[in-house]
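Some notes on the structure that comes next.
The values are calculated or read from the model by the stated rules, or taken from the named source; none is laboratory data. Predicted model only: the values in this text are computed from it and were never measured. Neighbour counts run over all protein chains shown; Cβ positions are idealised from the backbone, glycine included.
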Amino acid sequence: MDSKKILVVEDEPELRKVLALELEASGYKVFLAQDGLEGLKAAQKVHPDLIITDVLMPRMDGNQFLKKLRETESGRKIPFMILTARGKMRDYFETVHVDAFIEKPFAADDLLTKVEEILKHAQTEDPKRSGTDTGRDLVNKKRVLIVENDLWTLNYFQTIFNDYGYNAKVVKSIGECLEEAVSFNPDLIISKYILEEMNANRLVDLLRKMPHLRNVPIVVYSKTIMGGEKESVLSAGGTDFIFDANGIKLLKKANEIFHNV
């Protein structure tokens with residue numbers, strides 16, 4: 001039987017060696033790279049049946065590596081397994097459709113079981129990697145206007161939405177939002193609940209008065225819950241209210257909105 005090819009992308013030399021030994025002992029042909037940049041070159045050269053990649057690496061991290069490879073026709077069809085010590089990143093990688101997620105430290109048997117499962121189903125047509133009607137195809141070029149007055153959160157939200165394929169623009173105030181709502185012509189508006197010492201209901205009301213925004217989804221979010229926010233947002237004309245501290249639930253909600261169009 002032909003040995004399946006597995007590319008391991010990991011910057012820790014000892015772990016990289018251990019992974020190679022375990023996989024080779026199970027009959028796989030293993031290729032190694034120490035960061036995403038090397039991994040990208042190796043993937044394009046050897047066309048692996050599976051890629052196992054760490055996330056935090058120098059030069060090009062696992063997220064950038066995944067994104068770059070998925071932009072290619074052959075790369076979007078390769079199954080990915082994410083290997084990381086940061087379990088909280090699981091939600092993000094679920095939104096970008098990886099095939100498995102292993103947290104460090106891990107048992108070799110668990111890793112090999114997941115590898116076997118992934119390769120077993122790799123030949124099955126998977127719309128996440130089929131090249132047509134993928135999640136990113138559905139959201140590509142969709143314009144998302146994000147209102148957030150915290151600079152770090154604002155930049156982070158813009159990054160995760162742009163990484164997924166949206167055309168995201170961020171603003172810091174109600175006034176900027178009203179201006180961009182006209183010139184940017186968004187397909188979706190996301191607003192923080194408390195803005196300029198008032199809640200977002202006033203903003204929702206103003207946006208709904210613009211004819212071109214009457215049917216545009218408006219999602220309001222908050223990092224804290226006091227009670228009654230969702231009811232007040234929906235009464236003002238908002239589409240939904242979400243409790244979200246890291247933007248992942250908002251990204252999932254955006255995907256849900258556009259996948260149901």
| task | Would you check if residue 6 is in contact with a strand residue (DSSP E or B) (Cβ under 6 Å, 6 or more places away or on another chain) and modelled with pLDDT of 95 or more? | result | yes
| query | Filter the stretch 31-69 for residues that are among the small types (Gly, Ala, Ser) and over 15 Å from residue 99 (Cα atoms); which is surrounded by the most Cβ atoms within 10 Å (Cβ to Cβ)? | reply | 39
| message | Being more than 18 Å from residue 77 (Cα to Cα) and modelled with pLDDT under 80 is true for just one of 96, 139. Which residue is that? | response | 139
| request: Scan (1) part of a helix (DSSP H, G or I); (2) in contact with a Gly (Cβ under 8 Å, 6 or more places away or on another chain); (3) farther than 30 Å from residue 76 by Cβ for the single condition residue 220 breaks and write down its number. | output: (1)
| said: For the stretch 229-261, which positions are more than 19 Å from residue 152 (Cα to Cα), β-branched (Val, Ile, Thr) and in a helix (DSSP H, G or I)? | reply: 233, 257
| field | Enumerated strands (runs of 3 or more DSSP E) restricted to the stretch 1-81, each holding at least 3 residues that are in contact (Cβ under 8 Å) with a residue 60 or more places away in the chain | value | none
| task | Kindly check whether there is at least one residue in the stretch 205-216 that is under 19 Å from residue 249 (Cβ atoms) and modelled with pLDDT of 90 or more. | result | no
